[in-house]
Amino acid sequence: MQAREILSYAAFQSNAPVKGLDGKPIEVEDQTALGKKRSLTRREWLNRVRGYMTIGSPIDKHIALWGHIFNDYKSPNSPIELADKIVWRNYYDLGDPIGFELDDARARLKDDQWGNVFDFKAENEHDFTRSPFPGAAHNAYWTDEQVFGHFIENAIYAKDPPQTPKFAEEPPTKRWAQIVSYTLPYVVDFALLIGAVLALYKAVKGYIDPAAELSTRQIVFEVGGIACLLAGLTFIARITRLTRPGGWWVFGALFFLAMVVCYRLLLGQGLVLESQPGLGDPGFVSLAGLVLLSGGLAGCALPGVCAPC
């Protein structure tokens with residue numbers, strides 16, 4: 001919407017002078033009068049715009065949530081005639097929770113009259129992982145010379161590239177940042193689960209049997225087992241809310257079953273059982289109840305299965 005207002009304003013009264021940030025007209029060399037300068041007109045300025053850059057852009061989210069607003073911006077306010085289309089390049093870090101590929105925006109350009117203004121193809125989308133922290137990835141673009149260098153060389157200077165280009169290739173992924181970005185959130189979440197379980201474990205154990213002496217081994221294995229079970233429950237409960245039915249749901253179910261196995265293995269190592277666990281074993285009964293609960297949570301994500309949800 002801002003782009004429309006800027007470009008349309010430039011096209012309207014196209015012979016009016018363009019003013020800089022100081023409020024004064026921008027001057028250029030007058031080709032008809034040697035040594036003299038003249039004001040740059042809006043039409044001239046518009047034809048000098050070579051590139052349009054978006055970094056970590058949430059435009060597609062806006063289209064999905066408020067698509068009706070964009071229906072009023074299907075065409076410029078005034079006709080825009082350009083010698084060359086403005087190259088639009090979009091950059092987004094895969095760890096950025098806000099920026100994504102702008103495929104919906106590209107589709108709208110084809111349907112609307114903006115397709116005559118912007119050159120925005122699928123190859124103009126550039127994704128990478130360069131920040132180790134997902135939250136910080138949205139602000140990391142501003143200090144990344146690879147991102148801006150690539151845009152300047154391949155959009156601004158596309159017709160007159162430097163003799164020795166430094167940023168000809170799109171910003172590469174940093175493998176160490178990719179590994180940290182993918183694993184760190186899960187490690188932190190699991191550490192929080194362990195801390196929460198440990199706090200409750202010691203309190204409940206002390207209340208049930210104040211005279212009981214707990215070994216370090218027993219505490220480590222039992223707390224770890226319960227934390228694994230909670231991690232599996234949390235994962236399967238959230239994956240059905242955050243993704244569409246498909247491969248991620250299958251992965252969520254398998255992950256939950258793996259955490260159930262870890263729970264039983266670790267709990268068995270921590271407890272000294274007088275007999276083999278069976279259907280009457282409290283741990284088995286608790287496990288069965290948790291499995292049913294997780295199934296109910298997963299079912300709530302299916303339309304028509306759980307009406308209150």
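Rule-based calculations on the coordinates, nothing more; no lab input. Source: prediction; values computed, not measured. Don't worry about glycine lacking a Cβ; one is built from the backbone with ideal geometry, like all the others, and counts go over all protein chains shown.
Can you give me the distance in nm between label points at Val250 and Lys121, each placed 7 Å from the Cα along the Cα-to-Cβ direction?
Label-label distance for Val250 and Lys121, simple model: 3.5 nm.
Could you list which residues have their amide H under 5 Å from that of Thr173, counting only those 5 or more apart in sequence or on another chain, with H placed in the peptide plane?
Long-range HN contacts for Thr173: Thr129.
Multiply the residue gap between Ile98 and Ile156 by 0.36 nm, knock off their C-alpha separation, and tell me the result in nm, one decimal place.
Details: separation 58, 0.36 × 58 = 20.88 nm, distance 2.56 nm.
Length gained between Ile98 and Ile156: 18.3 nm.
I'm checking a number: the convex hull volume of the Cα atoms of the range 154-240, normalised per residue, in Å³. What is it? It would help to have the intermediate numbers written out before the result.
Numbers: hull volume 12.7 nm³, N = 87.
Measuring per residue, one finds 146 Å³ for the Cα hull of the range 154-240.
Could you list Thr183, Thr216, Thr173, Thr129 in order of exposure, starting from the residue whose Cβ has the fewest other Cβ atoms within 10 Å? Write down the numbers at each step before the final one.
Details: Thr183 11, Thr216 7, Thr173 15, Thr129 23.
By the 10 Å Cβ count, ascending: Thr216, Thr183, Thr173, Thr129.
Taking θ = phi - 60°, what integer Hz values does the Karplus form 6.51 cos²θ - 1.76 cosθ + 1.60 yield along the range 239-254, in sequence order, with x for Gly and Pro?
Karplus values, whole Hz, x for Gly and Pro: 5, 6, 9, 9, 10, 7, x, x, x, 5, 5, 5, 4, x, 5, 5.
So, in nm, how far is label Ile69 from label Ile179 when the simple model puts each one 7 Å beyond its Cα toward the Cβ?
Each label point is offset 7 Å from its Cα along the Cβ direction, giving 4.2 nm.
Multiplying the sequence separation of Arg238 and Lys166 by 0.36 nm and subtracting their Cα-Cα distance, what value in nm do you get?
21.6 nm
Can you tell me the FRET efficiency between Lys37 and Leu82 if r is taken as the Cβ-Cβ distance and R0 is 22 Å, rounded to the nearest 0.05?
Taking R0 as 22 Å, the efficiency between Lys37 and Leu82 is 0.35.
Could you tell me the calculated FRET efficiency between Val261 and Glu145, based on Cβ-Cβ distance and R0 = 41 angstrom, to the nearest 0.05? The partial results should precede the final answer.
Numbers: r = 48 Å, r/R0 = 1.16.
Step by step, r from the Cβ atoms, then E = 0.30.
Considering amide H positions built from the backbone, and no H for Pro or chain starts, which residues 5 or more places from Ile55, or on another chain, come under 5 Å of its amide H?
Amide H neighbours of Ile55: Tyr91.
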